[in-house]
Amino acid sequence: QVQLVESGGGLVQPGGSLRLSCAASGSIFSINTMGWYRQAPGKQRELVATVTSAGSTNYPDSVKGRFTISRDIALNTVYLQMNSLKPEDTAVYYCNAGVRVHGGYRYLEVWGQGTLVTVSS
């Protein structure tokens with residue numbers, strides 16, 4: 001059993017910053033890609049950022065230059081630094097990881113429970 005637990009969400013004013021964290025725990029053999037997705041009310045879940053085990057990152061244009069994803073492989077943790085936040089960044093942010101458990105042979109997709117980020121004055 002593997003769990004992803006997010007933290008760091010909250011209320012922030014436009015132009016402000018927040019840092020999200022997501023820690024994976026359980027019987028983990030290895031993790032390949034980790035990432036963040038978000039879902040705003042009435043909208044589909046969308047990609048925010050991903051980082052591979054080699055450190056390659058990917059961002060959509062909507063957050064490029066404002067958000068930075070990083071990971072600590074030893075701690076099985078991924079972070080999302082969000083700067084210059086806008087009201088349209090308001091959403092529930094979900095952590096995602098491809099996890100291979102001990103005794104397993106495939107990478108399985110695991111999701112966190114989500115953390116709410118609200119950008120409002």
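The values are calculated or read from the model by the stated rules, or taken from the named source; none is laboratory data. This structure is a prediction, so every number in the text was calculated from the model and none was measured. Note that we place each Cβ from the backbone using ideal geometry, even for glycine, and neighbour counts take in every protein chain shown. All accessible areas refer to the heavy atoms of the entire protein, side chains included, with ligands and DNA or RNA removed. Shrake-Rupley method; radii C 1.70, N 1.55, O 1.52, S 1.80 Å.
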In region 7-50, the residues that are under 15 Å from G112 (Cβ atoms), surrounded by 19 or more Cβ atoms within 10 Å (Cβ to Cβ) and among the aliphatic types (A, V, I, L, M): L20, A24, I31, M34, V48, A49
Whichever residue in region 62-77 is among the small types (G, A, S) and either on the phi < 0 side of the Ramachandran plot or part of a helix (DSSP H, G or I) (or both) and, among such residues, is surrounded by the fewest Cβ atoms within 10 Å (Cβ to Cβ): A74
Among (1) assigned to a loop (DSSP other than H, G, I, E, B); (2) open to solvent by less than 30 Å² (accessible area, probe 1.4 Å), which single condition is G55 missing? (2)
Selected residue (criterion: nearest to K86 (Cα to Cα)) from residues of region 26-45 that are of a type in the set (S, T, Y) and in a strand (DSSP E or B): Y37
Across region 78-91, what is the number of residues that are assigned to a strand (DSSP E or B), buried (at least 17 other Cβ atoms within 10 Å of the Cβ) and touching a residue at least 60 places away in the same chain (Cβ under 8 Å)? 3
